[in-house]
Amino acid sequence: MTKIMLFMSVALSWQLVFSGTNMSTPKSPDIILRFGNTLEDILKNWKLKPLVGKDEYGVIRRENGNILHILSNQSASILFKKVDFSVYEYPIIRWQWQVNEFPKYAESSSEYTIDDYAARICVAFPAWTIRSTKFLVYVWDDRTDEIGVVKPSSFSDNCKIIVVEGGKQNQGQWVTEERNIIEDYIRVFGSEPKKAAAGIGVMSDSDDTKSSTDAYYHNIYLKSEI
């Protein structure tokens, strides 16, 4: 499956979710996206889209929010949820993740022509057409220590990849990330985002490198202020 076909598949899946039942969250200081006690429980509120092969999903129960575990073996998928919120009311996204295994890149891929990442968080901005859907993609890239660098995506120009955690210094440890969605959007797309509903996605993949990844994700917060 080509990269453009993958992008169209992901974008179409987001479009179907956006056109479905309204799943807005009541106004509060923070919107907290939690994971259920089992994958079946999670899929009551989230949608899972397999892209290549089959990732393995697991849940570790915790009182302060369950931990999602994704094992990818030459595979790719995305777990996503419709969340009706204005990025002007909730401009900050905050989450925790841990990576135990990164994709195995060959030397020829040093120029980032391959889109495999052990961990990524996606913020989607729906549009009337599939091709116009925009994605902010936050990744942990072990190939660079330069935080904030914007990398090309072989999916689409509407998919912008931002490195928020780099290197392997924190491999096997929990790391907290926090980003300003509006500032990042303006920086990579050159204009302000609309106030339309957006979606949040979680993704680990290793299909391009034919290797494997091992990552954990905790609660995702949409915050009204830092």
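A short reminder: the numbers here are calculations on the coordinates, not readings from a lab. These figures come from a predicted structure and were not determined experimentally. Methodologically, a virtual Cβ is constructed for each residue, glycine included, from the backbone with ideal geometry; neighbour enumeration extends over all protein chains shown.
Before moving on, here are some points about what is shown:
- Spatially proximal aspartates and glutamates relative to K168 (Cα-Cα < 16 Å; intrachain offsets below 8 disregarded): E101, D116, D141, D142, D145, E146, E177, D214
- Using a Förster distance of 30 Å, the FRET efficiency for E40-N100 (Cβ separation, nearest 0.05): 0.75
- Sequence of S154, S77, S206 once ranked by neighbouring C-beta atoms within 10 Å, starting from the fewest: S154, S77, S206
- If R0 is taken as 35 Å, the Cβ-Cβ distance between R62 and D84 corresponds to a FRET efficiency of 0.85.
- Set of lysines with alpha-carbon distance to K134 below 16 Å, sequence-local pairs under 8 removed: K3, K81, K82, K151, K160, K194, K195
- The gain in end-to-end length when the Q171 to W128 segment is fully stretched comes to 11.5 nm, 0.36 nm per residue minus the alpha carbon separation.
- Annotation for region 62-105: trypsin sites (Lys or Arg not before Pro) lying in DSSP loop with at most 12 further Cβ atoms inside 10 Å of their Cβ are R62.
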